[in-house]
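Enquirer: Would you mind keeping the following structure in view while I ask a few things?
Derivation of every value follows stated rules applied to the coordinates shown; laboratory data play no part. These numbers were taken from a predicted model, which means no experiment stands behind them. A quick note on method: Cβ atoms are made from the backbone with ideal geometry, for glycine too, and the neighbour counts reach across all protein chains shown.
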Amino acid sequence: MTQPVPVQYTLRPVSPEAHLFEATVIVTHPAKDGQVFFLPAWIPGSYMIREFSKHIVEMEARAGGKPVALRQLEKNRWQAAPVKGALTLRYLVYAFDLSVRGAYLDGERGFFNGTSVFLAAEGYENEPCAVEIHAPEGKAYADWKVATSLPAVDIKKKSGFGGYQASSYDELIDHPVEMGEFQKVSFKACGVPHEFVVSGHFQGDLKRLAEDTKKICEYQIKLFGEPAPFERYVFMLFVGKDIYGGLEHRASTALVANRDDLPAPGAAEVSDGYLKLLGLISHEYFHSWNVKRMKPAAFTPYDLNREGMTRLLWAFEGITSYYDDLALVRSGLICEKRYLGLLAETITGVQRGAGRMKQTLEQSSFEAWTKYYRQDENSPNSIVSYYTKGSLAALALDLLIRRDSKGKQSLDDVMRALWSKWLADGKGLEEDEWEKIAIETTGLKLKPFFDLALRSTQDLPLLELLKSQGVELKFEAAQGASDRGGVVDAFAGKPAPLTLGVKTAADAAGVKLVQVLDGGAAQQAGLSGGDVVVAVDKLRAYDLDKQLARLAAGDKIKLHAFRRDELMTFDVAPLAAPEDTCRLKLEAGGGKWIAGR
Ligand code: ZN
């Protein structure tokens with residue numbers, strides 16, 4: 001049994017076939033005027049109001065064996081009538097969300113975040129709580145096990161079902177739980193036990209996955225300085241088809257990826273899919289320092305009922321995105337040229353969005369809740385990503401510090417200074433504090449850079465900064481839809497093909513315009529995101545690039561497209577592709593910063 005604490009939870013996967021968890025909360029000393037319970041409206045790390053309470057399908061309260069009246073106060077808050085003695089709340093939660101942000105249960109596995117299943121007892125958020133996690137009943141589930149970084153108190157050694165404890169509600173909801181017949185590999189990084197749990201159907205080399213992950217972990221632990229800020233760490237990966245994502249937690253991370261991204265048994269190379277998976281692993285692990293511990297003051301504590309707005313997301317997501325791929329080079333998993341290829345693609349991605357000329361990084365951070373997390377067909381024209389442009393701002397800052405300190409300092413020193421501050425005071429960063437600490441640490445005049453990079457829509461000075469590292473950058477016209485830029489031995493200077501300025505997707509009826517980019521030929525002719533092009537000059541549309549390939553500059557074509565169910569005709573004059581595709585050329589002896597030299 002777990003020790004007596006003021007709030008005790010139990011969680012049972014009562015009906016895997018109906019995707020239902022049953023939860024109970026016992027409050028030993030409920031509030032005198034009626035205990036209030038609430039469920040978070042969002043989950044930290046994913047900045048969107050998600051209304052998890054919509055998945056609660058029934059709820060009842062009891063005390064002394066008798067029912068107690070419950071009144072709903074708000075979308076996610078309930079109050080029980082005043083009672084003497086312990087109060088028990090029981091409810092069911094529908095769990096069929098495969099993402100890392102929610103809860104999932106079927107006959108094959110279960111997964112949950114506390115934000116989906118554990119109602120908080122108001123007034124007790126800072127008190128310890130206990131959780132009893134049960135296995136589903138029945139022979140079919142005899143081999144199910146539990147994986148979680150939640151501290152165990154009294155669990156079955158073989159399966160992990162049983163009692164766990166958290167020191168507060170904030171801690172309780174920061175340890176997701178996986179259950180099922182997963183596979184597990186263990187390793188130590190800088191002496192700290194790590195587990196890598198993989199669920200879903202797959203054939204993959206988990207031994208190699210563990211060896212490679214260990215290298216990433218050890219690089220990051222040493223970057224910030226030993227000891228690691230946790231006693232053990234759990235990676236929870238579910239693999240399926242066409243899925244990708246991760247969410248960071250204080251001692252674990254939940255990941256979803258494509259099963260084919262796992263390293264194939266016997267393979268030695270790093271496939272593009274595996275590279276993406278390693279980047280995701282590296283990204284979420286870096287968050288153990290950058291956002292799970294060091295974080296904006298606006299998140300200390302998190303207000304789980306409404307948006308927590310901060311202008312600093314560029315620092316917590318952008319810098320994490322900068323280091324995620326760098327860590328792969330610095331831990332020896334990929335070479336510098338491969339890294340530069342990834343960097344070129346990121347630069348291209350940012351350059352292609354006209355939104356970068358309308359929204360600053362600070363605005364992008366602040367408006368994440370309504371814009372970045374709620375994207376639509378117009379997003380490339382209206383917003384810039386605090387992930388991708390944020391990572392380029394981190395790169396520019398790193399190179400600027402290296403150049404102006406004559407190689408004596410780097411962004412690593414700023415990160416370590418921020419970490420020392422957190423270790424000393426544990427406080428969140430005020431909105432202007434990140435910049436102040438960077439300026440203090442380096443002694444450099446960085447204010448003009450921050451004004452430009454964070455508070456203006458001017459392009460970052462990447463050309464000159466990369467040049468200072470022996471890397472030449474040139475923007476050229478894309479040679480087709482799949483050209484996202486890359487590393488070259490020489491700039492080709494090929495002529496620009498004609499384009500419509502659209503992003504497309506296959507559609508049963510023709511070619512769907514997913515996005516229509518600012519300034520492009522399609523927008524000038526009146527086409528919109530969502531239109532389905534069915535014919536090009538009366539011929540069936542199947543591949544717009546190919547169908548434009550034989551046109552000369554100045555030629556006009558007729559596009560026939562459905563907008564909703566209405567057929568429309570557009571006169572379009574395709575334009576030369578803009579020079580928005582990043583090519584990087586590494587000079588002999590250049591790019592030393594990539595390996596951290
Ligand atoms: Zn992140």
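Enquirer: Can you pick out the pairs among 276/592; 408/592; 54/295; 467/585 whose Cα atoms lie more than 21 Å from each other? Show your work: numbers first, answer last.
Expert: Working: 276/592 23 Å; 408/592 13 Å; 54/295 29 Å; 467/585 10 Å.
Going by Cα-Cα distance, 276/592; 54/295 fall outside the 21 Å limit.
Enquirer: Now a separate question. Could you tally the net charge around residue 240, taking each other residue with its Cβ under 12 Å from the Cβ of residue 240, Lys/Arg +1 and Asp/Glu -1?
Expert: Values: positive: 109, 241, 259; negative: 108, 242, 260, 261.
Summing Lys/Arg as +1 and Asp/Glu as -1 gives -1.
Enquirer: I need the P(r) histogram for the chain: all alpha carbon pairs, bin width 10 Å from 0 out to the longest distance, whole percents.
Expert: Calculated P(r), rounded to whole percents: 3, 15, 23, 24, 19, 11, 4, 1, 0.
Enquirer: Could the peptides 61-71, 435-445, 275-285, 562-572 be put in order, highest first, of the mean number of other beta-carbon atoms found within 10 Å of their residues? Write down the numbers at each step before the final one.
Expert: Working: 61-71: 14.1, 435-445: 15.8, 275-285: 22.7, 562-572: 12.3.
Descending mean neighbour count gives 275-285, 435-445, 61-71, 562-572.
Enquirer: Next question. Diagonalise the Cα gyration tensor of the range 537-597 and give the resulting equivalent ellipsoid semi-axes, square root of 5 times each eigenvalue, largest first, whole Å.
Expert: On the way: eigenvalues 360, 47, 20 Å².
Working from the Cα gyration tensor, I get semi-axes of 42, 15, 10 Å.
Enquirer: Next question, about the same structure. For labels at residue 579 and residue 24 in the simple 7 Å Cα→Cβ model, what's the distance in nm?
Expert: 7.1 nm
Enquirer: Let me ask something additional. When a/c is below 1.5 the answer is rounded, else prolate if a/b is larger than b/c, else oblate, so apply that to the range 287-411 with a ≥ b ≥ c taken from the square roots of the Cα gyration tensor eigenvalues. The partial results should precede the final answer.
Expert: Working: a/c = 1.87, a/b = 1.30, b/c = 1.43.
Note, shape of the range 287-411 comes out oblate.
Enquirer: Something else: Whole Å is fine, so just give me how far the alpha carbon centre of the range 39-107 lies from that of the range 511-532.
Expert: Rounded to whole Å, the Cα centres lie 44 Å apart.
Enquirer: Between beta-carbons, use under 10 Å as the cut-off and find the net charge around residue 188, counting Lys and Arg +1, Asp and Glu -1.
Expert: Values: positive: 214, 232; negative: 218.
Here the count lands on +1.
Enquirer: Cross-link candidates for residue 556: which lysines have Cα within less than 21 Å, leaving aside residues fewer than 8 places away along the same chain?
Expert: Of all the lysines, those that pass the test against residue 556 - Cα under 21 Å, at least 8 places apart if same chain - are 503, 512, 538, 546.
Enquirer: Here's something else I'd like to know. When you count, for each residue, the other Cβ atoms within 10 Å and take the mean per peptide, how do 21-29, 399-407 rank with the highest first? Kindly include the intermediate steps, with their values, before the conclusion.
Expert: Values: 21-29: 19.1, 399-407: 17.0.
My ranking of the peptides, most packed first, is 21-29, 399-407.
Enquirer: Only Cα pairs under 8 Å and at least 6 apart count here; give the relative contact order of the range 69-127 as a rounded whole percent. Please list the in-between numbers first.
Expert: On the way: 41 pairs, mean separation 9.7, N = 59.
About 16 percent, as a whole number.
Enquirer: At a 10 angstrom cut-off on C-beta neighbours, averaged per residue, how do the peptides 250-263, 454-467, 325-338 rank from highest to lowest? Write down the numbers at each step before the final one.
Expert: Values: 250-263: 21.5, 454-467: 16.6, 325-338: 19.6.
Taking the mean over residues of other Cβ atoms within 10 Å, the ranking is 250-263, 325-338, 454-467.
Enquirer: Could you tell me whether the range 342-481 comes out rounded, prolate or oblate from its Cα gyration tensor? Rule is a ≥ b ≥ c as square roots of the eigenvalues, rounded for a/c under 1.5, then prolate if a/b exceeds b/c, otherwise oblate.
Expert: Working: a/c = 2.32, a/b = 1.28, b/c = 1.82.
Because a/c hits 1.5 or more and a/b fails to exceed b/c, the range 342-481 counts as oblate.
Enquirer: By its C-alpha gyration tensor, with a ≥ b ≥ c as the square roots of the eigenvalues, how is the range 372-417 shaped: rounded for a/c under 1.5, else prolate for a/b larger than b/c, else oblate? Walk me through the numbers before you get to the answer.
Expert: Working: a/c = 7.20, a/b = 2.92, b/c = 2.46.
Cα axes put the range 372-417 in the prolate bin.
Enquirer: While we're here: For the range 128-216, what is the number of Lys pairs with C-alpha distance below 12 angstrom, counting only pairs 8 or more positions apart or on separate chains?
Expert: On the way: 145/156; 145/157; 145/158; 145/184; 184/207; 188/214; 188/215.
Lysine pair count for the range 128-216: 7.
Enquirer: If you take every residue apart from residue 270 with its C-beta less than 9 Å away from the C-beta of residue 270, what net charge results, scoring Lys and Arg +1 and Asp and Glu -1?
Expert: Details: positive: 338; negative: 212, 269, 272.
With Lys, Arg at +1 and Asp, Glu at -1, the neighbours total -2.
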